[in-house]
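Below you'll find the structure, written out as structure tokens, and then a few comments.
The values are calculated or read from the model by the stated rules, or taken from the named source; none is laboratory data. The structure presented is a predicted model; accordingly, all values stated were derived computationally and were not measured. In this analysis, Cβ positions are derived from the backbone assuming ideal geometry, glycine residues included, and neighbour counts consider all displayed protein chains.
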Amino acid sequence: MGTISGKGDSTMIRFPEQLFSDVRTEDIFSTALTYVDGAWEVNRVRREKGALLRVYDGKMWYYAVTTDLDQIQEELDGLAALASPNPDILADPVVRRLQANRDRVMRYEGRRETDVPHARKEELVRHCHDLVAAQEGVAVATVRLADEYRVKHVVSSLGCDVEWDYQACGLRAQFTLKVGDAPLTECKTFYANHFDDLNVTDEAILADYRRALDFAKRAVPVKPGQYPVILSPEVAGVFAHESFGHKSESDFMLGDESMMREWALGTKVGSGILSIYDDGGEMGSGYLPYDDEGTRKVRSWLIRDGVLAGRLHNAATAAALEEENTGNARAVSFEFEPIVRMTSTCIGPGKQTKEELLAGVKEGVYIHDYTYGTGMSTFTIAPNMAWMIREGKLAEPVRVSVISGNVMETLHLIDGLSDQVEVTSSVFGGCGKMEQFPLRVSDGGPYVRVSAMNVQ
């Protein structure tokens, strides 16, 4: 038996016998505001509520989605009628890797985004837009605000009953400058777990604007070649996510014997100073106390001291590879089945300062931020702003189209890490996999020095 809240009072769920089944409900509130050149492009408040139901007989999964929570029992019974009863279902390797946790983790009760007046959000967006639009060289000003409050509840035939909430709010003040040789689009982004904690200030926005204006006026194309490169924590985070994090999602390995050999646990895959982990306990946009199967999320070390230490799993992939479940079953909403996804993926800290990393570079490139990043076996990151490093100091700004390389080779070429990790969170966009986008994640790391990287 399990209990789920419907339209009225709580509803008891009778789980079918000799099968595994679970129900995940979600109650989602979200705001989306986009103000462009003095007009609302998007001004939306949305409320959604629904459930995904699963039944498993040891051979096949059966799914149903409903937005009528009072129909859950009927939908569940319908799925059970399609399945084959299995008296040994509890001994199934997948079912044995599911957990019967019972917990309630409600961090935001009494301080929800739902209680913030919409007019306050609009007012902040318009103010930031007018501030940015008034600055020298700004051709296009775009300010976005997005927030989300989500309550998830998972119950299962094993006795799992976990409920938790998630909340995030963000503002992005974006501007396109038309000065110098080429247009430059830059933004200042704020993130918090509540609107009142965003700490949006004029000075913070203007400081980023002034740096971007100076860059736009002085930047010259970089001379293509191989250089030592220092990545900011923001860029190091996207490198960890795109170049290695996705390779750690174990569903990519199922049925791929060559990939399993290449990524066998215990294999040396990088520099001895390099460690990478995935942790839903980070209180950012990748926060996840339990996954969408009700499994407690734990810190998962993917690389430790240069050695492949683990990979990310849901119950099915853990069973298939005979490994432990890491609690990484995630779905973008109740409309989708949970698949293996990252939470907050970070490169661990080193022992140097940023200044010491710079001091070790005679001529190189510092990558401050990026516009996009992709990667699996090879990676490509498109920087937005970058600077040359000369004799251990930041020098002239340069326009860099891409930095790229082979993932395995680059992991071995990391020769310096700063001693502080910074995590980047955002409510704009997210991670995409299969048809599920955007999933909230976060990533980060220290300043990372790579001894050689292709720069164009």
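Scanning the range 41-84 for residues that are surrounded by 12 or more Cβ atoms within 10 Å (Cβ to Cβ) and farther than 30 Å from Phe29 by Cα yields Tyr56, Asp57, Gly58, Ala80, Ala83. In the set Ala146, Ala216, Ala192, Ala134, only one residue is farther than 30 Å from Val402 by Cα and either in contact with a Gly (Cβ under 9 Å, 6 or more places away or on another chain) or outside the structural domain of Glu113 (by TED's automatic domain parsing) (or both); that residue is Ala192. You will find that of Thr185, Thr189, the residue that is among the polar types (S, T, N, Q), more than 17 Å from Tyr287 (Cα to Cα) and in contact with a Lys or Arg (Cβ under 7 Å, 6 or more places away or on another chain) is Thr189 and no other. Whenever a residue of the range 402-413 is modelled with pLDDT under 95, its partners that are surrounded by fewer than 17 Cβ atoms within 10 Å (Cβ to Cβ) and assigned to a helix (DSSP H, G or I), lying with C-beta atoms within less than 9 angstrom and at least six residues away or across chains, give the pairs Met408/Glu262.
Where in the range 37-146 are there helices (runs of 4 or more DSSP H), lying wholly inside it, with at least 3 residues that are among the acidic types (Asp, Glu)? Counting at least 3 such residues, we get 72-82, 118-133. Scanning the range 201-227 for residues that are surrounded by 20 or more Cβ atoms within 10 Å (Cβ to Cβ) and either part of a loop (DSSP other than H, G, I, E, B) or among the β-branched types (Val, Ile, Thr) (or both) yields Ile205, Ala219, Val222. Would you check if there is a residue in the range 305-319 being modelled with pLDDT of 95 or more, among the hydrophobic types (A, V, I, L, M, F, W, C) and out of contact with any strand residue (DSSP E or B) (no Cβ under 9 Å at 6 or more places or on another chain)? The answer is yes, given that some residue of the range 305-319 is modelled with pLDDT of 95 or more, among the hydrophobic types (A, V, I, L, M, F, W, C) and out of contact with any strand residue (DSSP E or B) (no Cβ under 9 Å at 6 or more places or on another chain).
Look through the range 422-456, keep the residues that are touching a Pro at 6+ places or on another chain (Cβ under 6 Å) and modelled with pLDDT under 95, and return whichever of them is farthest from Phe379 (Cα to Cα). Among those residues, the one meeting the criterion is Gly429.
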